[in-house]
Each structure stands twice: as C-alpha cells, then as structure tokens.
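Everything on this sheet refers to the single structure shown next.
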Amino acid sequence: MGTSKDNIANHVSSFIADVQQEVDSYLAATGTAPTMFCKAAVNDPNLLRHIEQGRRRLTFAMAVRLRDYLSEQKHNIDSAGCGRVAQ
C-alpha cells in the first residue's frame, strides 16, 4: 500500500516541478514580471519570491491554479496570433 502512496507523491512532485518550469519559461518568453504574473494568476504577487526564498512551498492546488492561468494565457496568445501577451 505504501508503494501506491509513494507513486502518487512522485506524480504530484513531478507535476509541481513541471508547472514551475512552465512558469519560468512563460516569464522568460513574455518578459512578464514574476510579481505581475502571480498577482494575475493567483492574487499573490509575492508567491514566486517566497518560494525561491524557501518561505513557502508550491502546493498541488496552487500549481493547478498556475497551470490553469498559463493555459488561458497561451490560448490568448494563440488567438491573438502573436508571441506576447498584452500587459
């Protein structure tokens, strides 16, 4: 039974790491400031800074919210036919 829990934990950790990479890539590609991104995505402008400083962890629920926001933004970029999102 412990193996199943370990497997789930590994999938969650992998998902969170993937979302962090997607956020980093998005910020680099769009030139969006981390504070502006986090304020728009999850109403917490300090989220990424606090994670980097070790003051907070990125939870599964927060990672889902970030991924949902990234999906919306990618859809907006694709719909607009350009490489940058209007700020």
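Here, each number is a calculation from the coordinates, and none is a lab measurement. No experiment lies behind these values; they were computed from the predicted model shown. Positions of Cβ are generated from backbone atoms using ideal geometry, with glycine treated the same way; all protein chains shown enter the neighbour counts.
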Exercise for review: Please indicate, with yes or no, whether at least one residue in the stretch 19-30 is loosely packed, with under 11 Cβ neighbours inside 10 Å, free of Cβ contacts under 8 Å to residues at least 12 places away in the same chain and not charged (D, E, K, R).
Suggested key: yes
Exercise for review: Scan the stretch 48-71 residue by residue and report those that are crowded, with 17+ Cβ neighbours inside 10 Å, over 16 Å from Met36 (Cα atoms) and either touching a Cys at 6+ places or on another chain (Cβ under 9 Å) or among the charged types (D, E, K, R) (or both).
Suggested key: none
